[in-house]
Structure formats: C-alpha cells, structure tokens
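Worksheet: one structure, shown below.
The values are calculated or read from the model by the stated rules, or taken from the named source; none is laboratory data. All of these numbers come straight from a predicted model, not from anything done at the bench. Glycine also receives a Cβ, built like all others from the backbone with ideal geometry; neighbour counts cover every protein chain displayed. Surface accessibility is based on the protein's heavy atoms, side chains included, excluding ligands, DNA and RNA. Shrake-Rupley method; radii C 1.70, N 1.55, O 1.52, S 1.80 Å.
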Amino acid sequence: MKTTNPLLKVFEANNKTYLYNATSNTLQPFTTKNIANFNQYSEFVIDYPYSNSELMDIINTQMASITLALTEQCNFRCKYCAYMSKYNTKSNSLSNMDSTIAFKSIDMLMNCSSNISDIFVDFYGGEPLLKIDLIHDCIKYCKTKYPFRIPNFQITTNGLLLTNKVIDFLIDNNFYINLSLDGPSCIQDKYRIGGDGLPTFDRVFKNIIILYKRNPQFFKTHVIFNSVITTGTLEQFDFLDNLCKLDVFLIEATITDYFSNLISNETKTLDDRFVNVKNHPIFKKSSLKNMQKYHNMLSNPSLQIRILPGGFCVPRSRKNFITVDGKIVVCEKVDERNSIYQIGDVFNGIDMNKLKQLIDATLSRLQKCKSCWAARFCNVCFKDIFDLTNDYCEKSRSKVEKDLIYYLEKVKDDNVITNYLENLSVE
C-alpha cells in the first residue's frame, strides 16, 4: 500500500501493515481511515533550535572537549585513509603542532567549560604517539596550571608505538585509549600497511597483549577498539567477536566511503552483508544504542514540526577539532580543509560570523528535508551537508525504514530491551 503524502510511510513488519505519520511522529497499525485522515499535510519547518544568545551561552560555558591534531605525519599508509594523497605527494608538507597552540587550546577548554563537570583532551593525528614529547608537555601543563581541574585524557592510536614506557605513561595518567585495529592479519595487513611497507598486525597485536598484561582491569575499562568494516566480512567479524568475549570496554565498527563504494559494486549490497552478521555480539550493543533514538521518540509523540533533521551537535559544545596550525574545526569527521567548517582559532576564539555561515549553509541544504517522512530519524550531520544527493536521501530513508521494522519486530514489545534503553545514557 502506498500513499502520495510524503510525510506518511506505509510498511510491513510482523506480518502486519503499519503507518508512520511523520507530522505527529506516531506509528500505528494501518487502516484506510488513517490514510484518509491525512490527505492534507504540513511541511516541516527546518530551523536551528538555539537563539543567538543561547548559542553564545553554550559556546562560553559548555565546551566539553578538544581534539588536538598533534601531527599530520603517520607511520601507517592505510589504503582507505582520506589523507593518503598527502603522504604520496612529495610537494605536500606534513606539519606538526607546537606547544604554544596546544597550551592555548587547553586554556580555551578550561575557560569555556564552567558548566561542564567532565572535560576531555583528546590527542589525535596522523599518529599522535609520534609526538609523545608534546603529549608529556600537555599533561604537565594541565597538572601544573590546573591542578584542581585535571581533564580526562584520551588518545587515538594505531598501536605501533605502544612501547613499555609509553604504556606505563598512559596507564599512570588514566588515559582512554582508542586503538585502531581492523581485524586479523588477513584483513589488517591488506589495508593497514606500515609506512615502511611492511605488515602491521603482528607488531600491533604484540603491543596490545603487553598493554593487557600490564593492567588487565585498566584494559577492560579504558581501551576502546575502533574497526573499519572491510569486505573481508566473516574473518573480520569472528575476530571482533573474540574481542567482545574478552569483555573489552567498547568496540566501535564504522564504514568508510572507500569500502561502501567497493561493496556497492559487488553482487551483494552493504545491507545484505550486514544481515549475515547481525547476530554477532560486536553489533548487538551498537544496534541497541541506535534503537534508543527510535524508542525515545516514538514513546513521546510530538506535533512539533519545527525540526533540525539529523545528528547535529552544537558547534563548540561536544566537539572541537584543533588543527596543527590552531584552527578550530567543527569536529574530526569533517573535511578540515573546507573553510566552511573552520569556525575560529585558538588565539581569537570562535568567530560568530563564520559559525553563522556554517549554520546558514546547513539550513539551506536541509530545506529538501521539509517534506521527507524520515527527517526526524535521519543521521545527516555537518560532514554530509555537501553530499545530500537524491541517492544519499534514498539510502537514508531505506535505513530508517529497516530500523523501524527492526524496532517493531525486535524491540518494542521486549520489556528487557526497552528497560535497558530507558536507562541508557544519552551521549
């Protein structure tokens, strides 16, 4: 059954037909009467949810973290890396952050987070451990200048430079460690090549074992594995499953455009491949986290039609990516080379004119969402605003439909799962 109203969606789940009404954000069994009642519809009003004064207050008092790009250099040459062109072109110089910019960034975080209890300094790259001396200097600076408000420290690393000395330093300073590991050697060594041209799995995994043996409890509570989903499905997921069984803190699996394009050109679609592994423990937690959004929103129907589709964070609040030369970029996921995402610098703070340009550009591109039934659940964010093609939107609507079906079939009537979702913290 179809409807010509773009804010209604009819679909099948549990061998029944359901109607989702985006205007009222309600999900109910389908009847012809339901359709007849919604021949007329109002478009969404796409708008930013904060006034200028509210935004200024958030910017000045609710800064939660900074991500310091300590260096553009890396000791890996991953095939899917967005910056491979920089590493392969001799004319491109790879810069490093100096201590002045790093210290200015820390001061900015401290001065603009009075309403935040837990703040984070995240060390990023390239490979941040190539700048271990600067990391030491930053920790010392925090402890010396801000002894009563030492932030949480976090680092994203490929693990190759996790020597005994470095491991002890990270443990002593209670670091959260994001370890990039894509799977067993047949996966890791195919796509994550060392800068020396040699395989990386054995060298990295040896360091991971040392880290675990040094402090098993720390390993369980402070180590996060980041894995890029490749086309080597079964071997990869079996390997990540085994990590899950070790009760590690968290495993996050992501898909890059590199592999999305590879998979879309094969006989199986990306979604088909996920069906084969949907029962793997690696995806169970992340799937439930995704369902939290659906459960919360569908449990509280709303007639509010003034919305901002997607997973947009408030600039300067949750994420602040600091480039090697001190520019403030919305987050680490956007293209830092695109000036629209550069909203200030550590010497002068946020440029409200640049921030307004970003918000205006976002709202302009999201106007196409005003008559889309999936707008409330879409995951579009700042990094996507220049890629909102018809193909992007169709894939997004398809994902939302599948999520709604999954919610109805696996989540809605399971009290154990819904209780878990209701007690799950919102990031």
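Ligands, DNA and RNA excluded, the heavy atoms of Lys383 present near 80 Å² of accessible surface to a 1.4 Å solvent probe.
For the cross-link pairs Lys333/Lys368; Lys190/Lys383; Lys327/Lys356; Lys190/Lys220; Lys9/Lys402; Lys131/Lys190, the ones whose C-alpha atoms lie over 19 Å apart are Lys333/Lys368; Lys190/Lys383; Lys190/Lys220; Lys131/Lys190. Using 0.36 nm per residue and subtracting the Cα-Cα separation, the extra length available between Ser42 and Lys356 on full extension is 110.3 nm.
How would you rank 351-357, 103-109, 370-376, highest first, on the average number of other Cβ atoms within 10 Å across their residues? Each step should come with its number before you reach the end.
On the way: 351-357: 14.6, 103-109: 19.3, 370-376: 20.9.
For the peptides 351-357, 103-109, 370-376, the packing ranking is 370-376, 103-109, 351-357.
Residues Ser24, Ser117 ordered from highest to lowest accessible area at a 1.4 Å probe: Ser117, Ser24.
Determine the gain in length on full extension of the stretch Arg306-Lys104; use 0.36 nm per residue of separation and subtract their C-alpha separation, reporting nm with one decimal. Can you show the working numbers first?
Details: separation 202, 0.36 × 202 = 72.72 nm, distance 3.82 nm.
Answer, rounded to one decimal: 68.9 nm.
Of the peptides 198-204, 119-125, the order by per-residue mean of other Cβ atoms within 10 Å, starting with the highest, comes out as 119-125, 198-204. Near Leu129: Cβ cut-off under 15 Å, other residues only, Lys/Arg at +1 and Asp/Glu at -1. The net charge is -3.
Annotation for Ile224 and Met297: the two label points, set 7 Å from Cα along the Cα-Cβ direction, are 2.3 nm apart.
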